[in-house]
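S.K.: Quick one: the structure is below, questions incoming.
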Amino acid sequence: LIQLYMPLNFLGIVYREIRQALTDIERMFGLLKENREIADAADAHDLPAERAMAIEFAAVDFGYEPNRQILRHVSFTIPAGHTLAVVGHSGAGKSTLSRLLYRFYDVTGGAIRINGHDLRQLTQHSLRSAIGIVPQDTVLFNDSILYNIRYGRPEASLEEVLAAARAASLHDFIESLPDKYETRVGERGLKLSGGEKQRVAIARALLKNPPILIFDEATSALDSATERAIQRELELAARGRTTLTIAHRLSTVMNADCILVISDGSIVESGTHAALLANDGEYARMWFLQQREIQDERGQAIAAVVG
Ligand code: ATP
């Protein structure tokens, strides 16, 4: 029986290895599939490398499918070094804005410009080099945590990786792992929590050191202490960069230079947190609703402890 068991066990291992490799490739193809729709224009030029980059959405229309419009005449600017946060109900079109800025898709009307350059006239390589993304759900490769952070800039030195990990409050956690920076993570290695994965993404973005940062806030609830810590690290990372934050919780956008409220693909309000509260419109309604929910949750938690 043992003679049969060994080869079968070996086959099982081989099967798992192949399955995992396929999963990684499928993920990569997922990205490639999205990119396939976009090609560099014949006369495309590189985005001139500058530290200060201003973003402009000018009357942007967009739909994933021809018969369903998702964004309608969306116009806003983010001055270089400023942070703009976008809030709105689920499905309003918030993440679509970040996909268009990274040019996974082209707008169907209007234009998006960076420092005055229409994205459609730029090489994708130069555009994407200028943008760091901290996505909702970070893809971890089945490799060491060192590899996973260095993915932000593969030629980075070890010192630079460590500095990025420190800045993202990840270093002490990594040092506590059995193999430290060589610890394997991903599906076949150590599973990281949502907050830890977001920190890996922040460290990657810091290592890339781009002038533009897109932060797509995780929808799955992080506990409030982790959320506050991530928020602080992100505000540090955003310093001096032009930042687009897609927010699912209003508590994380209070310090943004400007907040856009999107409803059904259109901007319905914009301003600072204080100005929007004073406006007493959609944002104020969402804010008080969320505050009530938070208080109710706290009340229930206290009742559970007392009861
Ligand atoms: P959430 O807060 O739930 O993340 P959101 O405001 O970010 O929502 P988007 O992800 O921008 O919303 O999606 C806007 C609309 O576009 C939704 O109705 C969604 O179903 C649709 N949509 C998103 N991605 C695609 C796609 N790849 N193909 C077709 N429709 C899509």
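The values are calculated or read from the model by the stated rules, or taken from the named source; none is laboratory data. Being a predicted model, the structure only gives us computed values, none of them experimental. Heads up, the Cβs are rebuilt from the backbone with ideal geometry, glycines too, and the neighbour counts pull from every protein chain shown.
S.K.: Spot the failing condition for Pro210; the list is (1) surrounded by fewer than 22 Cβ atoms within 10 Å (Cβ to Cβ); (2) within 16 Å of the ligand (Cβ to nearest atom); (3) over 14 Å from Arg249 (Cβ atoms), and only one is missed.
M.R.: (2)
S.K.: Scanning region 137-150 for residues that are surrounded by 19 or more Cβ atoms within 10 Å (Cβ to Cβ) and part of a loop (DSSP other than H, G, I, E, B), which turns out farthest from the ligand (Cβ to nearest atom)?
M.R.: This residue is Leu140.
S.K.: Let me ask something else about it. Name the single residue that is nearest to Ala130 (Cα to Cα) among those in region 236-265 being over 15 Å from the mean Cα position of the chain (by Cα) and within 12 Å of the ligand (Cβ to nearest atom).
M.R.: The residue in question is Leu260.
S.K.: Looking at (1) outside any helix (DSSP H, G or I); (2) under 21 Å from the mean Cα position of the chain (by Cα); (3) farther than 19 Å from Ile259 by Cα; (4) not hydrophobic (A, V, I, L, M, F, W, C), which is the one condition that is false for Ser126?
M.R.: (1)
S.K.: Residue check: is Ile230 within 16 Å of the ligand (Cβ to nearest atom) and either among the hydrophobic types (A, V, I, L, M, F, W, C) or surrounded by fewer than 22 Cβ atoms within 10 Å (Cβ to Cβ) (or both)? Talk me through it step by step, then tell me what you get.
M.R.: Numbers: within 16 Å of the ligand (Cβ to nearest atom): no; either among the hydrophobic types (A, V, I, L, M, F, W, C) or surrounded by fewer than 22 Cβ atoms within 10 Å (Cβ to Cβ) (or both): yes.
Spelling it out, it is not the case that Ile230 is within 16 Å of the ligand (Cβ to nearest atom) and either among the hydrophobic types (A, V, I, L, M, F, W, C) or surrounded by fewer than 22 Cβ atoms within 10 Å (Cβ to Cβ) (or both).
S.K.: Count, please, the residues in region 40-95 that happen to be in a strand (DSSP E or B), away from the ligand (no atom under 16 Å from the Cβ) and touching a helix residue (DSSP H, G or I) at 6+ places or on another chain (Cβ under 9 Å).
M.R.: Within region 40-95, residues that are in a strand (DSSP E or B), away from the ligand (no atom under 16 Å from the Cβ) and touching a helix residue (DSSP H, G or I) at 6+ places or on another chain (Cβ under 9 Å) number 3.
S.K.: Could you tell me whether region 240-247 includes any residue that is within 30 Å of Glu293 (Cα to Cα), basic (Lys, Arg), out of contact with any helix residue (DSSP H, G or I) (no Cβ under 8 Å at 6 or more places or on another chain) and in contact (Cβ under 8 Å) with a residue 24 or more places away in the chain?
M.R.: Taking region 240-247 and keeping what is within 30 Å of Glu293 (Cα to Cα), we get 243-247.
Filter again for basic (Lys, Arg), leaving none.
No, region 240-247 contains no residue that is within 30 Å of Glu293 (Cα to Cα), basic (Lys, Arg), out of contact with any helix residue (DSSP H, G or I) (no Cβ under 8 Å at 6 or more places or on another chain) and in contact (Cβ under 8 Å) with a residue 24 or more places away in the chain.
S.K.: What number goes with the only condition from (1) of a type outside the set (Phe, Trp, Tyr); (2) touching an Asp or Glu at 6+ places or on another chain (Cβ under 7 Å); (3) more than 16 Å from the ligand (Cβ to nearest atom) that Ser98 does not pass?
M.R.: Of (1) of a type outside the set (Phe, Trp, Tyr); (2) touching an Asp or Glu at 6+ places or on another chain (Cβ under 7 Å); (3) more than 16 Å from the ligand (Cβ to nearest atom), only one is false for Ser98: (3).
S.K.: Could you give me the residue pairs with C-beta distances under 7 Å whose first residue belongs to region 175-193 and is touching a residue at least 40 places away in the same chain (Cβ under 8 Å), whose second residue is surrounded by 14 or more Cβ atoms within 10 Å (Cβ to Cβ) and small (Gly, Ala, Ser) wherever it lies, and which are 6+ apart or on separate chains?
M.R.: Between residues of region 175-193 that are touching a residue at least 40 places away in the same chain (Cβ under 8 Å) and residues that are surrounded by 14 or more Cβ atoms within 10 Å (Cβ to Cβ) and small (Gly, Ala, Ser), the close pairs are Arg184/Ser144.
S.K.: May I ask you to verify whether Asn35 is over 26 Å from Asn209 (Cβ atoms), within 14 Å of the ligand (Cβ to nearest atom) and modelled with pLDDT under 95? Don't jump to the end; show me each part of the working.
M.R.: On the way: over 26 Å from Asn209 (Cβ atoms): no; within 14 Å of the ligand (Cβ to nearest atom): yes; modelled with pLDDT under 95: yes.
In short, no.
S.K.: Every residue in region 152-184 that is of a type in the set (Phe, Trp, Tyr) and surrounded by fewer than 19 Cβ atoms within 10 Å (Cβ to Cβ), please.
M.R.: Looking only at region 152-184, we keep the residues that are of a type in the set (Phe, Trp, Tyr), and these are 173, 181.
Selection gives Phe173 alone.
S.K.: Which of the residues that make up region 233-286 are surrounded by fewer than 18 Cβ atoms within 10 Å (Cβ to Cβ), more than 21 Å from Arg72 (Cβ to Cβ) and of a type in the set (Val, Ile, Thr)?
M.R.: Hit for region 233-286 is Thr272, nothing else.
S.K.: Now for a separate question. Does at least one position in region 115-123 carry a residue that is within 16 Å of the ligand (Cβ to nearest atom) and either in contact with a strand residue (DSSP E or B) (Cβ under 6 Å, 6 or more places away or on another chain) or modelled with pLDDT of 95 or more (or both)?
M.R.: Filtering region 115-123 down to residues within 16 Å of the ligand (Cβ to nearest atom) leaves none.
No.
S.K.: Are there any strands (runs of 3 or more DSSP E) wholly within region 177-295 with 1 or more residues that are over 29 Å from Ile149 (Cβ atoms) and of a type in the set (D, E, K, R), and if so which?
M.R.: Values: elements: 212-216, 242-246, 258-263, 266-271.
Filter on region 177-295 gives 266-271.
Table: residues versus (1) closer than 18 Å to Ala205 by Cα; (2) surrounded by 18 or more Cβ atoms within 10 Å (Cβ to Cβ); (3) touching a His at 6+ places or on another chain (Cβ under 7 Å).
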residue	(1), (2), (3)
Asp61	no, no, yes
Ile70	no, yes, no
Thr83	yes, yes, no
Ser98	yes, yes, no
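S.K.: Return the residues of region 111-136 that are surrounded by fewer than 16 Cβ atoms within 10 Å (Cβ to Cβ) and more than 18 Å from Ala39 (Cβ to Cβ); say none if nothing qualifies.
M.R.: Gly116 - this is the single residue of region 111-136 that is surrounded by fewer than 16 Cβ atoms within 10 Å (Cβ to Cβ) and more than 18 Å from Ala39 (Cβ to Cβ).
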